[in-house]
Structures are given as structure tokens and as C-alpha cells.
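Engineer: Following this message is one structure expressed as C-alpha cells.
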Amino acid sequence: MKTKNVFALVAAIALVSSVFAIPVFAGNPNQIVGQNPDFVLNILGKKSGWDPNGSFDNFDRHTIFVPEDTTGSAPGTYGGVDFADSILIWMQSGEDFGVLDGNACDDGNASIQVKKGRYRVFVTVLGKPSNINKDENRFADLKGWYYDDEGELGVYLYELGTAKTLTRGKEPIPVEVTDLFEIDYALVYDMLVHMFIDAGMTPEEAAIAATELLESYGYEPGDVIWIFDFLEMLNVVFNDPDYYFWQLTNRGLKHIQVRFYEA
């Protein structure tokens, strides 16, 4: 990509994105979860051998089915990491919320679309855990991953935020997982500078372009960046479509509810 074309594209994005820049959402978590969410996703655990009829690609659905016990699940290897004994929920940005693939019991993979914007995200364990592992704690581990299968950065896998362990207490307690959707500014800046240099810019030009691109989305040094904003930057500027997914390791939970609240 020619340098002047990159600068022109960054300038155009800056002009458009400045109108739609999204501020970081402040507020007490207890106040937030008391409001009506913009989208609710129910992750429902099913027993081993569950074999339903029909497809699970109804976009308007609000459910994804996963194994009650993901031991033995084989969703694939990405970035050199084998995600065996977990299921993956792939997420992409789009014009509205919806479920693209609501069944992770068949091949260990499901997928949803997240409406463009920025959100605070909470998960709550609901319902009584299953009878598996009666003598052990029943729980689920949740992680968020950015994945670049190929392109300017080569094969790359990076864990976002802090892994969450979900359990069912006497009362359902919402756990904020917004950080699983956030990536550090310094890391993104370094990636963008590297990619701009590969596109033909000098280091000085690349530093300016990376800063202006991030500013066009409303970000400054020290911020955390919404993962789908970063993925949009890569796709629009570098024609490099990358991916984001959750890794869910379930050991007995039947109902995990995910709520999205617009920032």
C-alpha cells in the first residue's frame, strides 16, 4: 500500500470517526446491571450426547448451547494453542446483535454478532448446576482472545483482560467481564506503527499515523481500546481481517447469562 494512500485513508477515517467517537462508560456496576440491557445472551449447558434436530442459525435467537462439561471438546488449534476441553464463542461486529451459530455442542464452536458501539458487559451464573462432578466445585472459566491468523503481524494470539472463574453462589451475582473486550493502548499503538512501517512509511510517519488513527476513534495514551474498534482499524486501513473469541471451559454450569449495556 502506497504511503500517501495510507495517509489519505487515515485522514478520511479520522473525519468520519470523530463524529461517532464513543466515550468510556462510567458508572457504578450495581446501577448499570439494574438497567435494561441492550442485549441478553443465554449460554445453556446440555448433557453429553445431546443431539437436537434443526439448525441454530436464527439470527434473532438469544441462546447458545454448550456442553455442561466441555471435557473432550475439540474446537481447534489457533496461534499454536490447542483449545481442547473448551468451547469457543467467536464474535464479530455488525449493525445489530444476533446469534450466528447457536450450537457449540457439535464442533466446539459457536458465534455471535455484537452491535457496533462500546459496552459494559456482565455475566451471571443462573440456575442450579448439573449433577456432574458432584464431589468437585462446579464452575466455568472464561477468557477473551484476539487472533490474527495471517497478515501484517503473522500468526498471533493474545489474551485480553483477566480470566474469569464463574461459580453459582446462594444468590446470582453479576460479574463484570468488560476487560475481556479491551486491549491496551500501548500494545495497539506498537502494532499499528509496525504495520504502517511495513506499508512503506518512515518510523516518524508511522508514529504520526498511528496516533491520528487512534485519536479518530477517541483514544488517548493510557486508554484501553474496545477490541472491535481495533479490528475495524486493521480491516479498513490494512485490509487485514482478524478475529476475537471467548474460550469457555465449563465444568457443570447449566445457565450463564451475558448482558451488554451500551456505553
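Only the coordinates and a few stated rules stand behind these numbers; no lab work does. It should be emphasised that the depicted structure is a prediction, and the values quoted were computed from it without experimental measurement. Every residue, glycine among them, receives a Cβ derived from its backbone with ideal geometry; neighbour counts consider all protein chains shown.
Engineer: How much length is gained on full extension from VAL236 to ASP149, taking 0.36 nm per residue of separation minus their Cα-Cα distance?
Structural biologist: 29.6 nm
Engineer: What does the charge dipole of segment 161-263 about its Cα centre add up to, to the nearest 20 debye, if the Cβ of each Lys and Arg holds +1 and the Cβ of each Asp and Glu holds -1? Provide the component values of the computation, followed by the final result.
Structural biologist: Working: 6 positive and 18 negative charges, 242 e Å.
Computed about the Cα centre, the dipole is about 1160 debye.
Engineer: List the trypsin sites (Lys or Arg not before Pro) within segment 154-232 that fall in a DSSP loop (any state other than H, G, I, E or B) and whose Cβ has at most 15 other Cβ atoms within 10 Å. Show your work: numbers first, answer last.
Structural biologist: Working: sites: LYS164, ARG168, LYS170; in loops: ARG168, LYS170.
Listed in order of number, the matching sites are LYS170.
Engineer: OK, next. Describe numerically, in nm with one decimal, the distance between label points set 7 Å from Cα along Cα→Cβ at VAL81 and at ASP107.
Structural biologist: 2.1 nm
Engineer: About the Cα centre of segment 55-187, how large is the charge dipole given +1 on each Lys and Arg Cβ and -1 on each Asp and Glu Cβ? Please answer in debye to the nearest 20.
Structural biologist: With only Lys, Arg, Asp and Glu charged at Cβ, the dipole is about 760 debye.
Engineer: Taking +1 at the Cβ of each Lys and Arg and -1 at the Cβ of each Asp and Glu, which of GLY117, PHE139, THR178 sits farthest along the dipole of segment 80-200 towards its positive end, judged by Cα position relative to the Cα centre?
Structural biologist: PHE139
Engineer: Let me ask another. ASN53 versus THR124, label points 7 Å from Cα toward the beta carbon: distance in nm?
Structural biologist: So the label points at ASN53 and THR124 sit 3.5 nm apart.
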